[in-house]
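Below is one structure, written out as structure tokens; the observations come after it.
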Amino acid sequence: MKTLETLSDRCGIGRHYLDFKKDPVEITSNARMAVLAAMCGDFDGEPEADAALQALDREALRPLPRTLLVRSDEALQFELVLPAAADFVSLTIELEEGECIELPTPDLSAGRAETLAGAQVKRVLVEFSHSCPCGYHRLHCHGADPALSSDCQLLVAPRTSWQPPVLAEGGRVFGVTVQLYTLRSERNWGMGDFTDLVELVRQSASQGAQVVGLNPLHALFPANPLHYSPYSPSNRAFLNVMYIDPQAVPGYTDCEAARSRVESDEFQARLSALREVHFVDYQGVADCKLPVLELLYRHFVEQELDTASEAGRAFDTWCERRGEALRLHATYDTLHEHFLRQDLKIWGWPVWPEEYRDPHSEAVAVFAAEHADRVRYYQFLQWCAYEQLRAAQAVARDCGMAVGIYLDLAVGIDLNGSQVWSNQSAFCLQASAGAPPDELARSGQDWGFPPLDPRDLRASAYRMFVEDLRANMSVCGAVRFDHAVSLLRLWWIPRPGGAANGAYVNYPLQDLLGVLALESERNHCLVIGEDLGTVPEELTEVMEQNHLFSYKVLYFEKAGDRMEAPDDYPREAVAAVTTHDLPTLASWWDGSDIELRAELGLLGADSVVEEMRYARRRDRQQLLDALVAADCWQGERDAAAIAVMTTGFSAAVHRFLACSRSAVMLVQVEDLMEMLSPVNVPGTFENHRNWQRKLRWSLEGLFDRDSVKTICAEIREARA
């Protein structure tokens, strides 16, 4: 048992943590052993555990680690682990652009002797004061004996993440947030799309907004439109093709087949019906969009690809740049479509025929060759999506937005999707991620997606993490990193097993922060860490040191029995009244969110519901008192006398938050419309229509409405 405990420690499985009440909680040995088994496989006895430890020791005998991170303002410093008899090695750095730097020959006689994994070794400290440019380089160790030769990924990262000049110079901006699919318009096909996004950008910019925040736009499952949760993506490095506006796809004007279909009376009637309903009909939208996109693809092949036109070459270049990851994603979508058409029970790669579960199998290669045109079709859809999103960000820049589009990077990836299929060794498939028991979820939370294996992250030099960041940061001005605590640790739940029976697994925090800083700088992208809930102090400190913006929600910002004053908000933060997982401002104020959760059976006993009602009455008065103290409200002083949210009171609340020190302040479009219904109620599935509810008003003329202009004016004045 002692060997297993040691192995658990070496694998980064935690022994204890502080819960939401700041009380220490010891993780049971049984939970640690279950997580260890999920990570490394079952151990029948001590000999097998000893063998696993020895494998870790052998890894530690490498002259160089797999990955080495250094900040650009630091000297390069690392330890060589060499056999005791070693008397000479040479060191070189192969820079990302191809240039080589030869390091001074290290003095091996100064090494510190020790015994490691039964071998006599010496540790030699190497210091190199010459600074290397930021980037992904290779550090090589060469020796006459093959045992002395080794190399590692050398990551040189900026000290901090990038900030737009207006923020770096002390400015304060505001923006709007929206779930893109919820947008209504007179022209979309039943859900918000990238052309709607362009219009939202233009309208919000006219009111002085510098940011437009969105839900995750990651790739979902085109063959299964009913899998629509934006936080359960198939692949974080690609986009949801249902956001494509078919009428903005290259060649639409010249494609007679597509235009005839779209312009027909029957088709227009279907689009009108899809626009009118109050919830997104994802299947109906897909039934309209996908056949038209197929026609446009066929036209593109004939007019652009077959003729090697400029547009055709641009597509080929983009596919080449996205490389193997794009090819595998498009192959997955083709396979997924193929098997679903045969049988709806074949819902994802874990239940495909065995020979197709390995993306590198001969069967997959043969299938991809036989269906090469269909694979290219799915690549074409990704290209169209990226071009339309890129165009929206270009419009934001043209409108003078300091940040522009802000994307949400979901914390997890669906087990059944293309990214897990393409990178199975990168994930622990025998566990799921979640959260331990807390105040809102007394049994804990199981989010269902497989956690990334920190061992593979290091060994791969964070390849997939880099790909995800780069794919998102290249088309936006800011990225919100969902559940930023996962940079430090993640709650693993062995399968099968309840969320309370899990354990925290630690991740290479400093390396991940370095990669974030490097990609942030290269893409000129602001990084926001969603740090709501129980956050270890260690993470808060390093986020501040690395200039990662934190996330502050009005409902939670309290100091004892009062709301935090605007001056108490941190500078490097995003301040918002609420989020997609919380009630709208109008619902929070009148308490209808409590009644909804009670109706859905989420609150338990009547006494709990009454406690929440009492707490909400207290919170409302505290908010009103804070508004008065900040000179944002001159009206009624008794919160009970303000039964429902009014435009004037909403404007006061948003002015209060806009007065905060936080560099970025966000307002939800739902709150501009004074909506009550939430877009998502955590903890519900079939009993609430999450991720489907549309907005109350159409996009056309949205920011010309008096109530919207009143709230925006208050925010704009306070921010100035």
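When the residues of the stretch 401-438 are filtered to those that are in contact with a Pro (Cβ under 7 Å, 6 or more places away or on another chain), in contact (Cβ under 8 Å) with a residue 24 or more places away in the chain and closer than 18 Å to Ala34 by Cα, the one that is surrounded by the fewest Cβ atoms within 10 Å (Cβ to Cβ) is Gln430. Under the condition of being within 23 Å of Ala51 (Cβ to Cβ) and of a type in the set (Asp, Glu), the residues counted in the stretch 1-40 number 2. Of all residues in the stretch 517-540, one or more are within 23 Å of Pro450 (Cβ to Cβ), assigned to a helix (DSSP H, G or I) and at pLDDT below 95. Name the residues in the stretch 178-197 that are surrounded by fewer than 24 Cβ atoms within 10 Å (Cβ to Cβ) and over 30 Å from Thr334 (Cα atoms), would you? Of everything in the stretch 178-197, those that are surrounded by fewer than 24 Cβ atoms within 10 Å (Cβ to Cβ) and over 30 Å from Thr334 (Cα atoms) turn out to be Arg184, Ser185, Glu186. Between Val366, Val351, Val375, the distinction of being modelled with pLDDT of 95 or more, surrounded by fewer than 22 Cβ atoms within 10 Å (Cβ to Cβ) and touching a Lys or Arg at 6+ places or on another chain (Cβ under 8 Å) belongs to Val351 only. Exactly one residue out of Gly648, Gly635 is more than 26 Å from Asp581 (Cβ to Cβ) and part of a helix (DSSP H, G or I), and it is Gly648. For Pro454, the conditions (1) closer than 23 Å to Ser229 by Cα; (2) in contact with a Pro (Cβ under 8 Å, 6 or more places away or on another chain); (3) touching a residue at least 40 places away in the same chain (Cβ under 8 Å); (4) not hydroxyl-bearing (Ser, Thr, Tyr) are fulfilled apart from (1). For the stretch 503-541, a residue qualifies if it is over 19 Å from the mean Cα position of the chain (by Cα) and closer than 21 Å to Val70 by Cβ, and the qualifying residues are Glu538, Glu541.
For residues that are outside any helix (DSSP H, G or I), within 28 Å of Ser660 (Cα to Cα), touching a residue at least 40 places away in the same chain (Cβ under 8 Å) and not polar (S, T, N, Q), tally how many sit in the stretch 583-614.
Our first condition is that a residue be outside any helix (DSSP H, G or I); within the stretch 583-614, this holds for 583-584, 591, 600-605.
Cutting the leftovers down to within 28 Å of Ser660 (Cα to Cα) gives us 583-584, 591.
If we keep only those that are touching a residue at least 40 places away in the same chain (Cβ under 8 Å) too, we end up with 583-584.
Checking which are not polar (S, T, N, Q) leaves us with 583.
So the answer is 1.
Any chance the stretch 378-392 includes a residue that's surrounded by fewer than 17 Cβ atoms within 10 Å (Cβ to Cβ) and assigned to a loop (DSSP other than H, G, I, E, B)? No, the conditions are met nowhere in the stretch 378-392.
Taken over the stretch 115-149, the criterion of being surrounded by fewer than 15 Cβ atoms within 10 Å (Cβ to Cβ), farther than 30 Å from Glu519 by Cα and out of contact with any strand residue (DSSP E or B) (no Cβ under 6 Å at 6 or more places or on another chain) is satisfied by Thr115, Leu116, Ala117, Gly118, Ala119, Gln120, Ala144, Asp145, Pro146, Ala147. Any residue at all in the stretch 667-690 that is surrounded by fewer than 18 Cβ atoms within 10 Å (Cβ to Cβ), out of contact with any strand residue (DSSP E or B) (no Cβ under 7 Å at 6 or more places or on another chain) and in a helix (DSSP H, G or I)? No, every residue in the stretch 667-690 fails to be surrounded by fewer than 18 Cβ atoms within 10 Å (Cβ to Cβ), out of contact with any strand residue (DSSP E or B) (no Cβ under 7 Å at 6 or more places or on another chain) and in a helix (DSSP H, G or I).
Collect the residues in the stretch 93-128 that are of a type in the set (A, V, I, L, M) and closer than 26 Å to Ala51 by Cβ, keeping them in residue-number order. Selection gives Leu116, Ala117, Ala119, Val121. Taking the stretch 695-706 as the range and being closer than 23 Å to Tyr181 by Cα and in a helix (DSSP H, G or I) as the test, the residues that pass are Leu702, Phe703, Asp704.
Mind checking whether some residue in the stretch 12-24 is crowded, with 19+ Cβ neighbours inside 10 Å, modelled with pLDDT under 90 and not in a loop (DSSP other than H, G, I, E, B)? No, the stretch 12-24 contains no residue that is crowded, with 19+ Cβ neighbours inside 10 Å, modelled with pLDDT under 90 and not in a loop (DSSP other than H, G, I, E, B).
Condition check ((1) of a type in the set (Ser, Thr, Tyr); (2) surrounded by fewer than 19 Cβ atoms within 10 Å (Cβ to Cβ); (3) in contact with a Ser or Thr (Cβ under 7 Å, 6 or more places away or on another chain)) across all residues:
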position: Ser229; (1), (2), (3): yes, yes, no
position: Arg236; (1), (2), (3): no, no, no
position: Gly251; (1), (2), (3): no, yes, no
position: Glu256; (1), (2), (3): no, yes, no
position: Ser264; (1), (2), (3): yes, yes, no
position: Ser272; (1), (2), (3): yes, yes, no
position: Gly284; (1), (2), (3): no, yes, no
position: Phe300; (1), (2), (3): no, no, no
position: Trp318; (1), (2), (3): no, yes, no
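Cβ-Cβ distances below 9 Å connect the following pairs, each with a first residue in the stretch 488-502 that is in contact (Cβ under 8 Å) with a residue 24 or more places away in the chain and crowded, with 16+ Cβ neighbours inside 10 Å, a second residue that is outside any loop (DSSP other than H, G, I, E, B) and among the acidic types (Asp, Glu), and a separation of six or more residues or different chains: Leu488/Glu538; Ile493/Asp446; Gly497/Asp446; Ala499/Asp446; Gly502/Asp446. Residues in the stretch 58-103 that are of a type in the set (D, E, K, R) and without any contact (Cβ under 8 Å) to a residue 40 or more places away in the chain: Glu59, Glu74, Asp87, Glu97, Glu99, Glu102.
For Ala52, indicate whether it is surrounded by 14 or more Cβ atoms within 10 Å (Cβ to Cβ), touching a strand residue (DSSP E or B) at 6+ places or on another chain (Cβ under 8 Å) and touching a residue at least 40 places away in the same chain (Cβ under 8 Å). Let's see the steps before the verdict.
Working: surrounded by 14 or more Cβ atoms within 10 Å (Cβ to Cβ): yes; touching a strand residue (DSSP E or B) at 6+ places or on another chain (Cβ under 8 Å): no; touching a residue at least 40 places away in the same chain (Cβ under 8 Å): yes.
So Ala52 fails the test.
Could you say whether any residue in the stretch 216-224 is buried (at least 24 other Cβ atoms within 10 Å of the Cβ), more than 30 Å from Gly448 (Cβ to Cβ) and in contact with a helix residue (DSSP H, G or I) (Cβ under 7 Å, 6 or more places away or on another chain)? So far as the stretch 216-224 goes, no, none of its residues is buried (at least 24 other Cβ atoms within 10 Å of the Cβ), more than 30 Å from Gly448 (Cβ to Cβ) and in contact with a helix residue (DSSP H, G or I) (Cβ under 7 Å, 6 or more places away or on another chain).
The values are calculated or read from the model by the stated rules, or taken from the named source; none is laboratory data. What you see is a predicted model; the values in this text were computed from it and never measured. Cβ: placed from backbone, ideal geometry, glycine included. Neighbour counts: every protein chain shown.
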